[in-house]
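Input: a single structure, listed below in C-alpha cells.
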Amino acid sequence: MPATDLALLWLLGGLLAVCAEFCLPGWIVPGVAGAVSMTYGLYQLWLQGANPWAFAGLAAALAMAACAGYAGWPLWTAAAVAAAAVASAWRLPAPWAALIAPVPALVIFCLTKVAGRALANKTII
C-alpha cells in the first residue's frame with residue numbers, strides 16, 4: 001500500500017476517533033488518539049508533497065459542516081459542503097482522496113445537527 005494511502009487512512013481514522021469523542025463526551029482517549037492520528041496523517045501527507053491549500057480547503061469544509069449542522073441549516077447545505085470537500089481533495093496526491101472527502105464532512109454535519117437538536121430540546125429547570 002502506498003504511503004499516501006496510509007497517510008489518508010491515518011487521517012480518516014483520527015477523524016472517526018474524534019467523532020467517537022463527540023458521541024461519548026468525557027472519554028479522553030478517543031479525542032487524544034484521534035488528534036494524534038490526524039496530526040500524523042497530515043504530517044505524512046506534507047512529507048509527500050501534498051498541496052497545503054488542499055488541507056486548508058478540507059479544514060474549511062469541515063468547519064462549514066459543523067457550523068451548518070449546529071445551526072440547523074437545510075440538508076442541501078450538506079451537499080454544498082461535500083462538494084467543497086471534493087474540490088479541495090482533488091489536489092491531494094492520492095487519486096481516491098476525492099472519493100472519501102465528502103464522508104467526514106457529511107458525518108460531522110449529521111452529528112452537529114443531532115447535537116443542535118438535542119440542545120434545543122433541553123429544558124432548564
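Values in this text are rule-based calculations from the coordinates and carry no lab data. Quantities reported herein were computed from a predicted structural model and do not represent experimental measurements. Counting neighbours? That spans all protein chains shown, and the Cβs are built from the backbone with ideal geometry, glycine included.
Structure summary
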quantity: Loop-located chymotrypsin sites (Phe, Trp or Tyr not before Pro) in the stretch 1-71, at most 12 other Cβ atoms within 10 Å (DSSP); calculated: W27
quantity: Distant-in-sequence amide H partners of A101 (H built 1.01 Å from N, under 5 Å); calculated: none
quantity: Gain on full stretching of the segment that runs from V114 to T77 - 0.36 nm per residue minus C-alpha separation; calculated: 11.8 nm
quantity: Value in Å of the Kirkwood radius, where the stretch 1-49 supplies the Cα pairs that are averaged; calculated: 10.7
quantity: In Hz, Karplus ³J(HN,Hα) per residue of the stretch 39-53 (6.51, -1.76, 1.60; θ = phi - 60°; x = Gly, Pro); calculated: 5, 5, x, 5, 5, 5, 5, 5, 4, 8, x, 5, 6, x, 5
